[in-house]
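Trainee: Below is one structure. I have some questions about it.
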Amino acid sequence: MRSLISILDFSKEELDQLIATAKDIIANPEKYWDCCKHKKLATLFFEPSTRTRLSFEAAMMELGGSVLGFSQASSSSASKGESMADTAKILSCYVDIMAIRHPREGAPFVASRNATVPVINAGDGGHQHPTQTLADLLTISRELGRLDNLTIGFCGDLKYGRTVHSLIEAMSRYTGIKFVLISPEELKLPNYVRYNTLEKHRIPYEVTTSLEDALPNLDVLYMTRIQQERFDDLDEYNRLKDSYVLNTEKMKLAKKDMCVLHPLPRVNEISVAVDDDPRAAYFRQALNGKYMRMALILKLLEEAKDPQKEAISTNDLVFDRPCTNPKCICQVEQELRPTARITDPKEGVLRCIFCEKKV
Ligand code: CP
C-alpha cells in the first residue's frame, strides 16, 4: 500500500505530476468535484494544527468526499494508552485514507506499517512534514516559474523545523540547486539531512549566522519559527527566539523577484509590514497546500485500487540496536523492535528506521 511518510517516497517525476494535477485543479475545479464521492479521510491530529488539518479537510470536501477524525490526543483512546499500531488498524476499518500528525518522530511510519489504507505523514515531531513540502513546491513553481537553478535560503530553526528537512530533501532532486543555511549554532540542520542528502548528493551549500549577508543572493527565502514546543530548556528558547526578524528594511537587500516563504504559523520572525510586499508568498503558500493535498489524496486513492504490499528490504537492517532519541516513537511503544538501517556502508553509520537519528 502506497503511503507518504517521507518526501523521498515520491520520485521527482511523481512530484512534478502532483504539481501538474494541482495546477489543473486550480484551472478546472469542477472537474474534480465528485472524484472522491463516498470516500472518507481521517485526520488524526495528536498535536495542534490550523493549516494542515483544515486544508486536508477542505481538500477532501472539495473532492466530494467526507472527513472524520480528532484534533487532539486527549479526545482519542491514545490518552488511555492505545498504541499507534492499533490506532492505525482500527482506523483502517472506518476510512479509505488517513493523515496523521504526531509529536513523536516516526509515528506515521509505524501507522503505515499497520494500516491497510494509505497513510499520510502530516508532521512527526521535529522530523519530517512532506505535505508542507508539496505546498512549498507548488508555491515556488507558481511564483518563480521553475524549480531548477535556484538559491534557497533557510532561516531560523533548522534543527527542529521539520518543513526544512523535507523541503531540502525534495529540492535536492532538482538541478542547479544551492542552499544557504542561516541559523544560530544551536539550531543547525540535523546531521541525517546534512550527510544523507547534501553531502551524499554533493549539493552545494553554505552555512552562515547572518541573514543580511545571505539575502542579496537568494531566489527563495524560507523563514521558519523557532519551535518552542521542541525545546527541553525554556531558557534556551527565550535566548534564541528572536534570532531573526525579517522586516521591510532587510527586504531592501533582497532581489526584486525573490519570494519569501514560511510554513506558518509565524510568531515574530516576519514583521507584519512585510505582508504587503508582493514578494511575500506565505499566504498564497497556505492556499497552495490545499490544492496539493487534493492532488495527493487523488494519487494515493488511485494507487490503493491496486495495492501491492511493499515489504521493507531487510538487507541493510540491523536489529536490537536501541535508539537513544528521547523523541522517537520507539521510546513509548515498547512493542516496536529497535531497528536500524545502514545508511553509509563505508562509514558503518546506523540510523533508527523510525526517526533516522544515529544509533
Ligand atoms: N504549516 C503547518 O504545518 O501549519 P499548521 O501547524 O497550522 O498545520
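Trainee: Considering only the range 218-232, how many residues are acidic (Asp, Glu) and in contact with a helix residue (DSSP H, G or I) (Cβ under 9 Å, 6 or more places away or on another chain)?
Mentor: 1
Trainee: Free of Cβ contacts under 8 Å to residues at least 60 places away in the same chain, under 22 Å from the mean Cα position of the chain (by Cα), under 30 Å from Lys358 (Cβ atoms) and more than 16 Å from the ligand (Cβ to nearest atom) - does that describe any residue in the range 69-82?
Mentor: Checked against the condition, which is being free of Cβ contacts under 8 Å to residues at least 60 places away in the same chain, under 22 Å from the mean Cα position of the chain (by Cα), under 30 Å from Lys358 (Cβ atoms) and more than 16 Å from the ligand (Cβ to nearest atom), the range 69-82 yields no hits at all.
Trainee: While we're here: Would you check if Ile97 is out of contact with any Pro (no Cβ under 9 Å at 6 or more places or on another chain) and away from the ligand (no atom under 16 Å from the Cβ)?
Mentor: Here the answer is no, as Ile97 does not meet what is asked.
Trainee: Check whether at least one residue in the range 2-12 is of a type in the set (Val, Ile, Thr) and in contact with a Phe, Trp or Tyr (Cβ under 7 Å, 6 or more places away or on another chain), and report yes or no.
Mentor: Yes, the range 2-12 contains a residue that is of a type in the set (Val, Ile, Thr) and in contact with a Phe, Trp or Tyr (Cβ under 7 Å, 6 or more places away or on another chain).
Trainee: For residues that are modelled with pLDDT of 85 or more and surrounded by fewer than 18 Cβ atoms within 10 Å (Cβ to Cβ), scanning just the range 286-315, find the one that is nearest to the ligand (Cβ to nearest atom).
Mentor: Here the residue is Leu287.
This table checks each residue for (1) among the aliphatic types (A, V, I, L, M); (2) over 22 Å from the mean Cα position of the chain (by Cα).
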position	(1), (2)
Val220	yes, no
Arg225	no, no
Asp233	no, yes
Ser243	no, yes
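Trainee: In the set Lys255, Lys327, Lys357, Lys346, which member is touching a residue at least 24 places away in the same chain (Cβ under 8 Å), outside the structural domain of Val95 (by TED's automatic domain parsing) and surrounded by fewer than 17 Cβ atoms within 10 Å (Cβ to Cβ)?
Mentor: Residue meeting the stated conditions: Lys255.
Trainee: For the range 18-58: of the residues being of a type outside the set (D, E, K, R) and without any contact (Cβ under 8 Å) to a residue 24 or more places away in the chain, which is nearest to the ligand (Cβ to nearest atom)?
Mentor: The qualifying residue nearest to the ligand (Cβ to nearest atom) is Leu54.
Trainee: Can you name the residue in the range 182-217 that is among the aliphatic types (A, V, I, L, M) and touching a helix residue (DSSP H, G or I) at 6+ places or on another chain (Cβ under 8 Å) and, of all such residues, is surrounded by the fewest Cβ atoms within 10 Å (Cβ to Cβ)?
Mentor: Ile203
Trainee: Against the conditions (1) within 13 Å of the ligand (Cβ to nearest atom); (2) among the aliphatic types (A, V, I, L, M); (3) assigned by TED's automatic domain parsing to the domain that holds Leu261, where does Ala122 fall short? Just the number, please.
Mentor: Among (1) within 13 Å of the ligand (Cβ to nearest atom); (2) among the aliphatic types (A, V, I, L, M); (3) assigned by TED's automatic domain parsing to the domain that holds Leu261, the lone unmet condition for Ala122 is (3).
Trainee: For the range 100-125: of the residues being touching a Pro at 6+ places or on another chain (Cβ under 9 Å) and over 15 Å from Met1 (Cβ atoms), which is surrounded by the most Cβ atoms within 10 Å (Cβ to Cβ)?
Mentor: Looking at residues that are touching a Pro at 6+ places or on another chain (Cβ under 9 Å) and over 15 Å from Met1 (Cβ atoms), I get Asp124.
Trainee: Just to be sure before I move on: is Arg2 of a type in the set (D, E, K, R) and within 16 Å of the ligand (Cβ to nearest atom) in the structure I sent?
Mentor: no
Trainee: Moving to a separate point now. State the number of residues belonging to the range 87-103 that are of a type in the set (D, E, K, R), out of contact with any Phe, Trp or Tyr (no Cβ under 8 Å at 6 or more places or on another chain) and not in a helix (DSSP H, G or I).
Mentor: 1
Trainee: Got a number for residues in the range 143-158 being of a type outside the set (A, V, I, L, M) and crowded, with 23+ Cβ neighbours inside 10 Å?
Mentor: Within the range 143-158, residues that are of a type outside the set (A, V, I, L, M) and crowded, with 23+ Cβ neighbours inside 10 Å number 5.
Trainee: In addition: Determine whether the range 27-34 contains at least one residue that is more than 16 Å from Met98 (Cβ to Cβ) and either of a type in the set (Lys, Arg) or within 19 Å of the chain's Cα centre (by Cα) (or both).
Mentor: Within the range 27-34, one or more residues are more than 16 Å from Met98 (Cβ to Cβ) and either of a type in the set (Lys, Arg) or within 19 Å of the chain's Cα centre (by Cα) (or both).
Trainee: I'd like the full set of residues that are within 13 Å of the ligand (Cβ to nearest atom) and either within 18 Å of Met258 (Cβ to Cβ) or free of Cβ contacts under 8 Å to residues at least 40 places away in the same chain (or both), limited to the range 127-164.
Mentor: Scanning the range 127-164 gives Asp136, Thr139, Arg162, Val164.
Trainee: Which is surrounded by fewer than 20 Cβ atoms within 10 Å (Cβ to Cβ) and either aromatic (Phe, Trp, Tyr) or within 16 Å of the ligand (Cβ to nearest atom) (or both), of Pro265, Pro278?
Mentor: Pro265
Trainee: For the range 59-86, what are the residues that are in a helix (DSSP H, G or I) and of a type in the set (A, V, I, L, M, F, W, C)?
Mentor: Once the filter is applied, which keeps residues that are in a helix (DSSP H, G or I) and of a type in the set (A, V, I, L, M, F, W, C), the range 59-86 yields Ala59, Met60, Met61, Ala73, Ala78, Met84, Ala85.
Trainee: Is it true that some residue in the range 30-40 is in the same structural domain as Leu296 (by TED's automatic domain parsing) and within 22 Å of Phe283 (Cα to Cα)?
Mentor: no
The values are calculated or read from the model by the stated rules, or taken from the named source; none is laboratory data. Given the structure is predicted, the values throughout are model-derived calculations rather than measurements. Quick reminder, even Gly has a Cβ in these numbers, built from the backbone with ideal geometry, and neighbours come from all protein chains shown.
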